[in-house]
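Structure first, commentary second.
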Amino acid sequence: MALRLGDDAPDFTAETTQGRIRFHEWIGDGWAILFSHPKDFTPVCTTELGYMAGLKKEFDKRNTKIIGLSVDSVGDHERWSKDIEETQGHKINYPLIGDPDLKVAKLYDMIHPNASGSAKERTAQDNLTVRSVFVIGPDKKVKLMLTYPMSTGRNFDEVLRVLDSIQLTAKHKVATPVNWKSGEDVIIVPAVSDEEAKTRYPGGWKAAKPYLRIVPQPK
(Lines give C-alpha, C1' and ligand atoms only; values in the text may rest on other atoms or scores of the structure.)
Protein backbone atom coordinates (compact mmCIF):
# COMPACT_ATOMS: atom_id res chain seq x y z
CA MET A 1 0.00 0.00 0.00
CA ALA A 2 1.15 3.54 -0.75
CA LEU A 3 2.48 5.52 2.20
CA ARG A 4 1.12 9.05 2.62
CA LEU A 5 1.63 12.01 4.91
CA GLY A 6 -0.19 11.47 8.20
CA ASP A 7 0.00 7.67 7.98
CA ASP A 8 1.51 5.63 10.77
CA ALA A 9 5.19 5.03 10.03
CA PRO A 10 5.48 1.25 9.56
CA ASP A 11 7.21 -0.46 12.46
CA PHE A 12 9.87 -3.09 11.83
CA THR A 13 12.70 -5.02 13.42
CA ALA A 14 16.07 -4.90 11.68
CA GLU A 15 19.81 -5.34 12.11
CA THR A 16 21.84 -2.13 12.12
CA THR A 17 25.46 -1.13 12.56
CA GLN A 18 24.54 -0.41 16.20
CA GLY A 19 22.71 -3.70 16.82
CA ARG A 20 19.21 -5.01 16.37
CA ILE A 21 16.40 -2.46 16.77
CA ARG A 22 12.62 -2.31 16.88
CA PHE A 23 12.01 0.94 15.00
CA HIS A 24 9.20 2.52 17.05
CA GLU A 25 10.91 1.53 20.28
CA TRP A 26 14.18 3.01 19.00
CA ILE A 27 12.45 6.32 18.17
CA GLY A 28 11.06 6.59 21.70
CA ASP A 29 9.16 9.79 22.52
CA GLY A 30 11.10 12.08 20.20
CA TRP A 31 11.37 12.67 16.47
CA ALA A 32 13.22 10.62 13.86
CA ILE A 33 14.60 10.94 10.34
CA LEU A 34 14.93 7.81 8.20
CA PHE A 35 16.89 8.32 4.98
CA SER A 36 17.60 5.58 2.45
CA HIS A 37 20.20 4.63 -0.15
CA PRO A 38 20.05 2.23 -3.12
CA LYS A 39 23.49 0.66 -2.67
CA ASP A 40 26.66 0.79 -0.58
CA PHE A 41 29.89 2.18 -2.05
CA THR A 42 28.04 4.65 -4.29
CA PRO A 43 29.50 8.15 -4.69
CA VAL A 44 26.58 10.52 -4.02
CA CYS A 45 25.39 8.53 -1.00
CA THR A 46 28.94 8.53 0.40
CA THR A 47 28.84 12.34 0.54
CA GLU A 48 25.34 12.37 2.05
CA LEU A 49 26.09 9.94 4.86
CA GLY A 50 29.20 11.89 5.82
CA TYR A 51 27.34 15.20 5.82
CA MET A 52 24.58 13.82 8.04
CA ALA A 53 27.20 12.67 10.54
CA GLY A 54 28.42 16.25 10.70
CA LEU A 55 24.86 17.50 11.26
CA LYS A 56 23.99 15.03 14.01
CA LYS A 57 24.52 17.54 16.82
CA GLU A 58 21.96 19.85 15.20
CA PHE A 59 19.40 17.05 15.09
CA ASP A 60 20.22 16.13 18.70
CA LYS A 61 19.34 19.72 19.72
CA ARG A 62 15.93 19.14 18.18
CA ASN A 63 15.31 15.86 20.01
CA THR A 64 15.57 14.05 16.68
CA LYS A 65 17.32 10.75 16.00
CA ILE A 66 18.73 10.00 12.55
CA ILE A 67 19.03 6.58 10.96
CA GLY A 68 20.18 5.52 7.51
CA LEU A 69 19.21 2.53 5.40
CA SER A 70 20.88 0.93 2.40
CA VAL A 71 19.95 -2.13 0.38
CA ASP A 72 23.01 -4.11 1.50
CA SER A 73 24.16 -6.03 4.56
CA VAL A 74 25.33 -4.56 7.86
CA GLY A 75 28.77 -6.02 7.13
CA ASP A 76 28.93 -4.03 3.90
CA HIS A 77 27.77 -0.92 5.78
CA GLU A 78 30.62 -1.29 8.25
CA ARG A 79 33.18 -1.53 5.45
CA TRP A 80 31.60 1.41 3.62
CA SER A 81 31.65 3.49 6.81
CA LYS A 82 35.46 3.43 6.74
CA ASP A 83 35.45 4.96 3.25
CA ILE A 84 32.93 7.59 4.35
CA GLU A 85 35.06 8.66 7.31
CA GLU A 86 38.21 8.73 5.18
CA THR A 87 36.73 10.78 2.32
CA GLN A 88 34.18 12.98 4.14
CA GLY A 89 35.98 13.66 7.40
CA HIS A 90 33.10 12.49 9.60
CA LYS A 91 32.75 9.16 11.35
CA ILE A 92 29.28 7.61 11.07
CA ASN A 93 27.69 8.33 14.46
CA TYR A 94 24.19 6.98 13.86
CA PRO A 95 22.87 3.51 12.94
CA LEU A 96 22.67 2.20 9.38
CA ILE A 97 19.96 -0.38 8.72
CA GLY A 98 20.87 -3.46 6.70
CA ASP A 99 18.08 -4.20 4.21
CA PRO A 100 19.47 -6.88 1.87
CA ASP A 101 16.06 -8.53 1.48
CA LEU A 102 14.29 -5.21 0.66
CA LYS A 103 11.93 -5.68 3.60
CA VAL A 104 12.03 -2.09 4.84
CA ALA A 105 12.26 -0.63 1.33
CA LYS A 106 8.99 -2.37 0.46
CA LEU A 107 7.38 -1.53 3.80
CA TYR A 108 8.01 2.16 3.16
CA ASP A 109 6.86 1.97 -0.48
CA MET A 110 10.30 2.92 -1.75
CA ILE A 111 10.53 0.10 -4.27
CA HIS A 112 8.16 -2.04 -6.33
CA PRO A 113 6.44 -4.62 -4.08
CA ASN A 114 7.43 -7.41 -6.49
CA ALA A 115 11.13 -6.51 -6.50
CA SER A 116 13.24 -9.56 -5.73
CA GLY A 117 16.77 -10.92 -5.71
CA SER A 118 19.60 -10.68 -3.20
CA ALA A 119 21.38 -7.42 -2.50
CA LYS A 120 24.52 -8.75 -4.18
CA GLU A 121 22.58 -9.45 -7.38
CA ARG A 122 20.90 -6.07 -7.49
CA THR A 123 22.52 -2.88 -8.80
CA ALA A 124 22.00 0.68 -7.61
CA GLN A 125 19.93 1.22 -10.76
CA ASP A 126 17.66 -1.67 -9.72
CA ASN A 127 17.08 0.14 -6.41
CA LEU A 128 17.08 3.71 -7.75
CA THR A 129 13.88 4.72 -5.94
CA VAL A 130 15.40 3.91 -2.53
CA ARG A 131 16.50 7.56 -2.17
CA SER A 132 13.91 8.86 0.27
CA VAL A 133 13.80 10.94 3.43
CA PHE A 134 11.06 10.45 6.03
CA VAL A 135 10.46 12.72 9.03
CA ILE A 136 8.54 10.86 11.72
CA GLY A 137 6.94 12.53 14.73
CA PRO A 138 6.69 11.40 18.36
CA ASP A 139 3.22 10.08 17.47
CA LYS A 140 4.98 7.75 14.98
CA LYS A 141 3.21 9.37 12.02
CA VAL A 142 4.90 10.41 8.78
CA LYS A 143 5.31 14.20 8.67
CA LEU A 144 7.45 14.56 5.53
CA MET A 145 8.49 12.46 2.53
CA LEU A 146 11.10 13.42 -0.07
CA THR A 147 12.54 11.27 -2.87
CA TYR A 148 15.55 12.29 -4.94
CA PRO A 149 17.13 10.91 -8.12
CA MET A 150 20.46 9.09 -7.70
CA SER A 151 22.38 11.81 -9.55
CA THR A 152 21.32 14.63 -7.22
CA GLY A 153 22.70 14.88 -3.69
CA ARG A 154 20.11 15.67 -1.08
CA ASN A 155 20.03 19.01 0.72
CA PHE A 156 20.04 18.01 4.38
CA ASP A 157 20.22 21.65 5.48
CA GLU A 158 16.74 21.89 3.93
CA VAL A 159 15.63 18.82 5.90
CA LEU A 160 16.81 20.58 9.07
CA ARG A 161 14.88 23.73 8.06
CA VAL A 162 11.72 21.72 7.39
CA LEU A 163 12.12 19.95 10.73
CA ASP A 164 12.24 23.35 12.48
CA SER A 165 9.02 24.30 10.71
CA ILE A 166 7.24 21.03 11.47
CA GLN A 167 8.19 21.16 15.14
CA LEU A 168 7.15 24.81 15.45
CA THR A 169 3.80 24.31 13.72
CA ALA A 170 3.09 21.20 15.78
CA LYS A 171 3.32 23.35 18.91
CA HIS A 172 1.71 26.59 17.72
CA LYS A 173 -1.22 27.40 15.41
CA VAL A 174 1.00 28.89 12.74
CA ALA A 175 2.40 28.04 9.31
CA THR A 176 5.73 29.08 7.81
CA PRO A 177 5.98 31.08 4.56
CA VAL A 178 8.18 30.46 1.53
CA ASN A 179 11.90 30.10 2.30
CA TRP A 180 11.24 30.59 6.02
CA LYS A 181 14.10 30.08 8.45
CA SER A 182 13.95 29.71 12.22
CA GLY A 183 13.53 33.11 13.88
CA GLU A 184 11.67 34.73 10.99
CA ASP A 185 8.02 35.83 10.90
CA VAL A 186 5.28 33.23 10.52
CA ILE A 187 1.66 33.07 9.37
CA ILE A 188 -1.38 32.69 11.63
CA VAL A 189 -3.34 29.71 10.26
CA PRO A 190 -6.85 30.41 8.90
CA ALA A 191 -8.41 28.15 11.55
CA VAL A 192 -7.53 30.78 14.18
CA SER A 193 -10.16 33.53 14.27
CA ASP A 194 -9.20 37.17 14.71
CA GLU A 195 -10.70 36.99 18.21
CA GLU A 196 -8.49 34.07 19.19
CA ALA A 197 -5.50 35.68 17.47
CA LYS A 198 -5.91 38.80 19.64
CA THR A 199 -5.49 36.61 22.72
CA ARG A 200 -2.56 34.66 21.29
CA TYR A 201 -0.84 37.71 19.78
CA PRO A 202 -1.75 40.78 21.86
CA GLY A 203 0.89 42.78 20.01
CA GLY A 204 -1.17 42.44 16.84
CA TRP A 205 -0.20 41.31 13.36
CA LYS A 206 0.31 42.56 9.82
CA ALA A 207 -2.44 41.55 7.38
CA ALA A 208 -1.77 41.82 3.65
CA LYS A 209 -5.11 40.07 3.21
CA PRO A 210 -7.63 38.83 5.80
CA TYR A 211 -6.27 35.29 5.28
CA LEU A 212 -2.60 36.37 5.32
CA ARG A 213 -1.76 37.46 8.87
CA ILE A 214 1.94 37.78 9.69
CA VAL A 215 3.36 37.69 13.25
CA PRO A 216 6.78 37.17 14.82
CA GLN A 217 7.70 33.56 15.42
CA PRO A 218 6.32 32.43 18.81
CA LYS A 219 8.78 31.01 21.28
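The values are calculated or read from the model by the stated rules, or taken from the named source; none is laboratory data. Computed from a predicted model, the values in this text were never measured in an experiment. Please note: Cβ atoms are built from the backbone with ideal geometry, for glycine as well, and neighbour counts cover all protein chains shown. What goes into the accessible areas is simple: the full protein's heavy atoms, side chains included, and nothing from ligands, DNA or RNA. Shrake-Rupley method; radii C 1.70, N 1.55, O 1.52, S 1.80 Å.
Figures for the structure shown
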item	result
Given (1) open to solvent by less than 30 Å² (accessible area, probe 1.4 Å); (2) assigned to a helix (DSSP H, G or I), index of the condition Lys82 fails	(1)
Among (1) modelled with pLDDT under 95; (2) under 29 Å from Phe23 (Cα atoms), the one test that Ala208 misses	(2)
Some residue of region 89-97 being touching a Leu at 6+ places or on another chain (Cβ under 6 Å), closer than 22 Å to Pro149 by Cα and of a type in the set (Val, Ile, Thr)	yes
Selection count, region 20-44, where residues are in a strand (DSSP E or B), open to solvent by 10 Å² or more (accessible area, probe 1.4 Å) and in contact (Cβ under 8 Å) with a residue 60 or more places away in the chain	2
Matching residues, region 46-71, being over 15 Å from the mean Cα position of the chain (by Cα) and either of a type in the set (Gly, Ala, Ser) or crowded, with 24+ Cβ neighbours inside 10 Å (or both)	Gly50, Gly54, Val71
Counted residues, region 56-75 - those being in a helix (DSSP H, G or I) and touching a Ser or Thr at 6+ places or on another chain (Cβ under 8 Å)	1
Any hit, region 100-113, residues being basic (Lys, Arg) and farther than 24 Å from Leu5 by Cα	no
Failed condition for Arg4, given (1) among the charged types (D, E, K, R); (2) assigned to a loop (DSSP other than H, G, I, E, B); (3) open to solvent by less than 20 Å² (accessible area, probe 1.4 Å)	(3)
Test for Gly203: is it in contact (Cβ under 8 Å) with a residue 60 or more places away in the chain, more than 30 Å from Pro43 (Cβ to Cβ) and not polar (S, T, N, Q)	no
Region 97-108, residues that are charged (D, E, K, R), open to solvent by 10 Å² or more (accessible area, probe 1.4 Å) and in a loop (DSSP other than H, G, I, E, B)	Asp101
